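Structure first, commentary second.
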Amino acid sequence: MRYDLVVLGAGPAGEKAAAQAAYWGKRVAVIDRRRQLGGTMVGGAVSSKTMREAALYLTGFRRRDVYEVGLDLAPETAVERLRHRTDDVVRLMTESAAANLRRHGVDVIHGTATLGPDRAVMVRATDGGEPRVVRAEVIIITTGSRPFLPPGIPFDDPDILDADTAALLDHPLRSLVVVGGGAVGCEFASIFTALGAEVVLVDSGPRLLPFMDWEVSDLLAATFRAMGMRVLQGAGRASAARTSAGLQVELANGEILRPEKVIFAAGRAGNTDSLGLAGAGVATDERGRIVVDEHFRTTADGIYAAGDVIGPPALGSVSMEQARVATCWAFDIPFKRTVDPLPPFGVYSIPEVAMVGLTEEEVRSQGIAYGVGRARFDQNTRATIAGSTDGMVKFVFDRDDLRLLGVHIVGETATELIHQGQAVIHFGGKIDYFIHSTFNVPTVSEAYKYAAYDGLGAVGR
Ligand SMILES: Cc1cc2nc3c(=O)[nH]c(=O)nc-3n(C[C@H](O)[C@H](O)[C@H](O)COP(=O)(O)OP(=O)(O)OC[C@H]3O[C@@H](n4cnc5c(N)ncnc54)[C@H](O)[C@@H]3O)c2cc1C
């Protein structure tokens, strides 16, 4: 079997690489070891976001303070409905990935792929049998990542979970410890707090979401605490074990916690182990991630890689863009040659967090004379009506020419709101853009205008 392109892995990166090449007339096959297409984007990202929406809806979480009533569903019923909803959305998104590949005439081959010589790919069916051999002019590796499992933790214990198994929880929890204050840890910790569990979030570092602006990290931790979560920062390494007294989580300071479940959200590791990379001349770094150049070429001729398998930022959004760009370079398609250097980052915790551009720490360390403007949602009419007053919009801008350099948001719909800031930064806009344009009122977006006024005031304009 000969193709112009064979893609290894049908997650978001693989699907978009395959569709892009097929759209430009190439004969394409995509191989995935799972029957359910969509990779971690469907199984992890989409399912955790659906859990979040369902948890907010079923518990009336934000509305409880406003209307003094919650939806008093029995916890078992709430979790059962949440599970159904999550399963439905996952099924729909998997079907949508399969339909996109079908529409583009891409062959989907089920089985585990290993690289052979001269751009041959061996595909072993999950139920065994002789491997099939598929050959291609170009191979793109998009085999993604899996949870990094810290050594010494017995993950075969049913109460000790990782980021993938946590998304499968199907009964209400009394208590939960989440280890890891990154995006996935913050999401699960806040979802289960909304569902009524007693949650402890343990982070080894001094700040949640350390890649975010310092003020955002601090505000998120304060909001989590106000929701009733116990947030332990700078807590060192936590360990977990099963003892005669049940599940036990031990913190670096010796404190023992006895939750019903623990989730370790300790980062990701590349899915490269069984790909036969060394034999094919594809180099990896010390963490097993595939090394690529700016055109997503690996060290082997005709073999490209994109998505989580090449390392950070390990986001579905960026993975898809990398894969499209890799395809364009591989076939010299004059369409999309670079990945946006200013991607937004979104964290779907409760409340959401999002950023684009530079943080305050970054502009300070680059020696840029900067100003800061803020608008808090407790002064925003729409947020007040909705009862979602936690959070703020923060601008970081050049104080000499007022150019917007970074936007940082905590609050509901932060992951949507951030795109206005992204557009203004992309076009080299200044913060007074927000002052001179008229906004619908009442809207949460209005916070942009008041962050701009605050910024102008702060630099004496
Ligand atoms: C809980 C959670 C929440 C997340 N939330 C977000 C979010 O809100 N926004 C966001 O942008 N990102 C989010 N992410 C990250 C996002 O899911 C990943 O960045 C994205 O899925 C990476 O895409 P990919 O195509 O590179 O790899 P993957 O999605 O991991 O897909 C890789 C595919 O390759 C297949 N495969 C692996 N090895 C082989 C082999 N040898 N042979 C055949 N097939 C193989 C796998 O079965 C899989 O289908 C989240 C991740 C997690 C875990």
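Read-outs throughout are calculated quantities, based only on the coordinates presented, and are distinct from any laboratory measurement. Remember, it's a predicted structure, so these values are computed and weren't measured experimentally. All Cβ positions, even for glycine, are placed from backbone atoms using ideal geometry, and neighbour counts span all protein chains on display.
So which lysines can Lys16 reach, going by Cα to Cα under 27 Å and dropping same-chain residues fewer than 8 places off?
Those lysines meeting the cut-off are Lys26, Lys49, Lys336.
Check the straight Cα-Cα distances from Lys449 and name the lysines below 21 Å, setting aside those fewer than 8 residues away within the same chain.
Filter leaves Lys394, Lys430.
Choose one of His426, Ile350, Val325: the residue whose Cα lies farthest towards the positive end of the charge dipole of region 315-461 (beta-carbon charges +1 Lys, Arg; -1 Asp, Glu; about the Cα centre).
Positive-end residue among those listed: His426.
Taking only C-alpha pairs under 8 Å that are 6+ residues apart, what is the relative contact order of the chain in percent? Please report the intermediate quantities before stating the final value.
Details: 1001 pairs, mean separation 65.0, N = 461.
Value for the chain: 14 percent.
Can you work out the FRET efficiency for the pair Phe335 and Val291, with r the C-beta to C-beta distance and R0 = 35 Å, to the nearest 0.05?
Once rounded, the FRET efficiency stands at 0.90.
I need the shape label for the chain. Rule: rounded when a/c is under 1.5, else prolate if a/b > b/c, else oblate, with a, b, c from the alpha carbon gyration tensor. Can you show the working numbers first?
Values: a/c = 1.80, a/b = 1.25, b/c = 1.44.
Oblate is the answer for the chain, as a/c is 1.5 or above yet b/c matches or exceeds a/b.
Charges at C-beta only: +1 for Lys and Arg, -1 for Asp and Glu. How large is the resulting dipole of region 78-140 about its Cα centre, in Debye rounded to 20?
Values: 10 positive and 9 negative charges, 33 e Å.
For this selection, approximately 160 debye.
Taking the DSSP beta bridges in the chain as the whole, what percent of them are antiparallel, to the nearest 5? Walk me through the numbers on the way to the answer.
Working: 42 of 74 bridges.
Bridges in the chain are about 55 percent antiparallel.
Under the 0.36 nm per residue contour assumption, what length would be gained going from the current alpha-carbon distance of Glu250 and Arg230 to full extension?
Extra length available between Glu250 and Arg230 comes to 5.7 nm.
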